[in-house]
Every structure is written in C-alpha cells, then in structure tokens.
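Q: Dropping the structure in here first, questions after.
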Amino acid sequence: MNTEGKIYSIIFTFVLSLFFVAVLAFVFFTLKPTIDINNEFQLDRAILNAMGVSFENNEAAVTLFNEKVEKKKFEDIDYYQYTDADGSRIIAVIQDGDGLWGEIDIVVAINPSQQIVTGFDIIKQNETPGLGGRIDEPWFKAQFKGEKYNAESGISMGDPGIGDTDSSNAQVDAITGASQTSRLVTIIVNAALKKLSQIAGGTT
C-alpha cells in the first residue's frame, strides 16, 4: 500500500478545493455590489411598471423612484405610494406566494379612488420557460391594467386565451398549457389586493 501517495492525494484535493472555494468567494464579493444594484433596478422598475409610471432607462427609473415614490407602512404592511399628474393616489405592495416550481414574487398597484388595478409586474419567478414562465410576458401582465376588482372576491382566472380585454369583468385569461401557474398567480394577486384594500381604507 502506497500510504504516502494516498496522503498526497488527500492533501492535493483539499488544497485544490480550498483554492476553488476562495476563488468563488472572491468572485461573489466582487460582484455583490453590482448584483445589489441590479436587484434595486429590477425592484424599482417593477413597482413603477405596476403603478403605470413610464421611464426611459434603469438610471431614470431609480431617479424617478427615489424622487416620487414614498415607502410607507400601514399596521404591519409595507407599501409604496405615488401621486400621479391628476393628483390620484396610486399604492402598491409586494406579495410572494407559491408557484408550481418555486416562489413567485410580484408587485400589484391600484388606484383606490377608481378601484382599479393600475398594473402588476413580476419580480421573481422560476416557472417553466415557454409554459408557466410566460406569466412574465407583456400580454399576460397587461390584462390586469385597468381591471376593476372587488375587495372581497378579487380577480378570477378564466379559461386559457389570448388576453381578456374586458376591464369590467374582474377576470383575466389563463395561459394555454399553464393553467395551474396562472391560477397560482391569481391567488397571489388577490392576496395583494386584500392588503391594498386594507391600506386604502385606513390611509389617505
């Protein structure tokens, strides 16, 4: 038995593993500021999109968000508030829930005085590309914009389609081949709408 050879192999493997761990740690901590900035861009964009506020680029989104959007708290609920050019108050919350393959994080915004959804956007999702992952497609998200909703019943998910255009029926079309993910998204949206209704009723 070549004991020295085995000890050498163990030491070599250990040192090599330690080297790769150090390299990965260095890369992570080097890129972390960039990752954090990108995450901030993504969150700011999603909130502004849901509120129906347009912007030109990432930098403009961050500037607009910092200048015009207020982060507030009602009871134990964090929410965001924006006042549009007409003086209307737009409020938004971030809501997470179970998807088919992992957590889905979204932002939903409403105009309380008109009782309509101003928009909905995806922050994070891990659904199957080409199927449930299509919840991030513009046509699917656009269905929620301007939709009338009931604080109790929320918005319902209809049959698979190409996009419900009736903003008065409190219903959106499911994604073909991804009805379950579509239904789960609706559950998360309605959880957000309940929070937003509480905020709208308790704040001005």
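Q: Residues of the range 65-78 being assigned to a helix (DSSP H, G or I) and either of a type in the set (Gly, Ala, Ser) or within 19 Å of the chain's Cα centre (by Cα) (or both), which ones? Please lay out each step first, then the result.
A: Quick first cut of the range 65-78, residues assigned to a helix (DSSP H, G or I) only: 65-68.
Scanning the range 65-78 gives Phe65, Asn66.
Q: I need the full set of residues from the range 137-159 which are at pLDDT 95 or above and either under 13 Å from Thr181 (Cα atoms) or touching a Pro at 6+ places or on another chain (Cβ under 9 Å) (or both), in order please.
A: Result: Phe140, single match.
The values are calculated or read from the model by the stated rules, or taken from the named source; none is laboratory data. Because the structure is a prediction, the values reported are computed rather than measured. Ideal geometry is used to build each Cβ from the backbone, glycine not excepted, and the neighbour counts take in all protein chains shown.
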